[in-house]
Every structure is written in C-alpha cells, then in structure tokens.
Amino acid sequence: MNRTVRAFTAALMRSPARHVLRPLITPLDRFLFHVSGGRWKLSAPMIPSLVLYTIGAKTGIRREIPLMCFPQADGSFFIAGSNFGLEKHPAWSGNLIANPEAEVHYRRRLIPVRARLLPPAEREATWPALEEQWPHYRDYEKTAHRDIRVFHLEPR
C-alpha cells in the first residue's frame, strides 16, 4: 500500500479516534485470522503483520496477539510495544521479557523465535527504519509518556 495511505492511517491511530478503534481492531484482526485459517489479517493490506504467540509471564498460558512487524532480510523481525500510545506497556512485551522463546505466524508459516529487548542505544538506532515503514510511529511515546519497548525476534 502506498506511503500516503500508511501516513493517513498512522495519523488516525495516533489521534483521539484510537480510543474508539483500539478495542475493535485487535479482536477483529484475531477473528479474521482464525476464520481464514491464517490467510487474512486486518492490517495486512497496509503493513506487514504477524501473530505473536507468547507464554503468559504470570499465568503460563499460551497467548496470541496480532502485531505489525518490521521484517528483515535475514528472516528476523522487529516489533514495538506501542500499545496504541497507552501509558502501560502491552502485556505481550512483559511476556517476552519473562519468556523470550516464542513463535510467530507470518505468511502462513509458524516460526519459532527468540526475542531480545533492544538496549537503549540499539533501540535509538532502529527507530528510523521503523518510521520509514510506519510514518511518525515513535510519536506514540509522546502520548504514552514512556519509552516504547522494541524487540528483535530471531528465528531459532
């Protein structure tokens, strides 16, 4: 999809409208993913996306969450815990810190990965590439009043 549509959608998701859209997007994305057997995701026409499978830090239960991703040429991914600009880190990011062994469903493949939370200097160096794909993505830090966690998911 072209950069103008991504820029518009990114701006919409940083606006107050995100409070109305956020509770709808993730459940709808999960529903489409499940009824299509992993072929469709709401976000797929606009940006690369995956489904992340983690183990709950407190419950030990397998969790799934659809996320936008930043695929790399070496088969790895970057993901960022923007949580739509909310003040709390998303639960999945705490799960990855506690249990870095995870799986992703990407392009109809289930890929075992190991998550690594980027240290501050590496996170800073990664932001320009993330914003190239999703314009002004880092602006979520302004509304969230926190540093957004960025993870590197490497196939294992």
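Computed from the coordinates by the stated procedures, all read-outs in this text should not be read as laboratory data. Everything numeric here is computed off the predicted structure, so don't read it as measured data. Note that we place each Cβ from the backbone using ideal geometry, even for glycine, and neighbour counts take in every protein chain shown.
For this structure, a couple of remarks:
- Amide H contacts for Ala57 (H built 1.01 Å from N in the peptide plane; partners 5 or more residues away or on another chain; cut-off under 5 Å): Asn95.
- Separation of the Arg109 and Glu154 label points, Cα + 7 Å toward Cβ, nm: 1.8
- Long-range HN-HN contacts of Val113 with modeled amide H, under 5 Å: Ala102, Glu103, Val104, Arg156
- Full extension of the chain between Ser36 and Lys58 gives 4.9 nm of extra length, using 0.36 nm per residue less the Cα-Cα distance.
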